[in-house]
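These notes are about the structure you will find just below.
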């Protein structure tokens, strides 16, 4: 099973490495989104630079990149284990996809996103109810502050507690805690700007404003 697991982790990583935001920038405007706006290959920067349609497409693809490895790879390569062990494997493959999104092999590990949408895809696939509440937390913070970075940080920090209170699965609690630390670390630049009062708020693009 060891060789199969290594292959599965590699497949999950490659799946997560699909640079959807980068491709959206190249296909729609011929730009490298790593060099414009925030420089982040995530849906927020896509929205600001390319518009609503590409941003929604990138968001959906990034979530699928996390959901598919977590849901399907364990079914093919992990046999004869308990349901609890299967959860650990599913989350491991999801984690590999998140790593691929953050450091995509197709871009020679340069750039990548912060993993929020891909992580959301993993947890929506495996623990939908805690993740649904987490999404409400994200929307509430984003709507009241218009800081997508702050909403991502708060939602990521809330997820382990939601997993503990609603799912009670040790694997999900542990994995969501690790992901929360990673997401907060990935937003360290945003945290500095928030504390300095210079973090840009989320708003409609000028061409889409009424």
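Between 132, 143, 21, which gets the highest mean-square fluctuation from a Gaussian network model of the chain, Cα cutoff 10 Å?
Most flexible of the set in this elastic network: 143.
By how many degrees, between 0 and 90 and to the nearest 10, does the Cα long axis of helix 52-77 differ from the longest principal axis of the chain?
It works out to around 10 degrees.
Gaussian network model of the chain, Cα springs within a sub-10 Å range: biggest mean-square fluctuation belongs to which of 76, 182, 161?
Comparing 76, 182, 161 in a Gaussian network model of the chain, the most mobile one is 76.
By counting other Cβ atoms within 10 Å of each Cβ, how are 154, 36, 122 ranked from fewest to most?
36, 154, 122
Please report, to one decimal in angstroms, the Kirkwood hydrodynamic radius of the stretch 20-128 built from all distinct Cα-Cα pairs.
Radius from the Kirkwood sum: 14.3 Å.
Neighbour counts of other C-beta atoms within 10 Å: give me 116, 7 arranged from fewest to most.
Arranged by neighbour count, lowest to highest, 116, 7 become 7, 116.
Which of the peptides 52-59, 87-94 is most tightly packed, and how do the rest follow, judged by the mean count of other Cβ atoms within 10 Å per residue?
Ranked by mean Cβ neighbours within 10 Å, highest first: 87-94, 52-59.
By its C-alpha gyration tensor, with a ≥ b ≥ c as the square roots of the eigenvalues, how is the stretch 10-62 shaped: rounded for a/c under 1.5, else prolate for a/b larger than b/c, else oblate?
Note, shape of the stretch 10-62 comes out prolate.
Hey, what angle do you get for helix 128-145 against the long axis of the chain, alpha-carbon based, 0 to 90 degrees rounded to 10?
Taking Cα atoms only, the helix is inclined about 20 degrees.
Output the Kirkwood hydrodynamic radius of the chain, Cα pairs only, in Å rounded to one decimal.
Mean inverse Cα-Cα distance, inverted, gives 17.4 Å.
Please work out the Cα center distance from the stretch 85-139 to the stretch 1-59, rounded to the nearest Å.
13 Å
Any chance you could run the full-extension gain for residue 135 through residue 198? It's 0.36 nm times the residue separation minus the Cα-Cα distance, nm to one decimal.
Between residue 135 and residue 198, full extension yields an extra 20.2 nm.
What do you get for the angle between helix 170-186 and the principal long axis of the chain? Use alpha-carbon atoms, 0 to 90 degrees, nearest ten.
It is inclined by approximately 30 degrees.
I need 138, 124, 72 ordered by Cβ neighbour count within 10 Å, fewest first.
Fewest-to-most ranking of 138, 124, 72: 72, 124, 138.
Suppose the chain between residue 144 and residue 76 were pulled fully straight at 0.36 nm per residue; how much longer would it get relative to their current alpha carbon spacing?
Result for the pair: 20.1 nm of gain on full extension.
Taking the stretch 101-186 on its own, what percent of its Cα-Cα pair distances exceed 14 Å?
Result: 62 percent of Cα pairs exceed 14 Å.
Computed from the coordinates by the stated procedures, all read-outs in this text should not be read as laboratory data. Fair warning: this is a prediction, and the values are worked out from it, not measured in the lab. With ideal geometry, Cβ positions are generated from the backbone for all residues, glycine too; neighbour counts draw on all protein chains shown.
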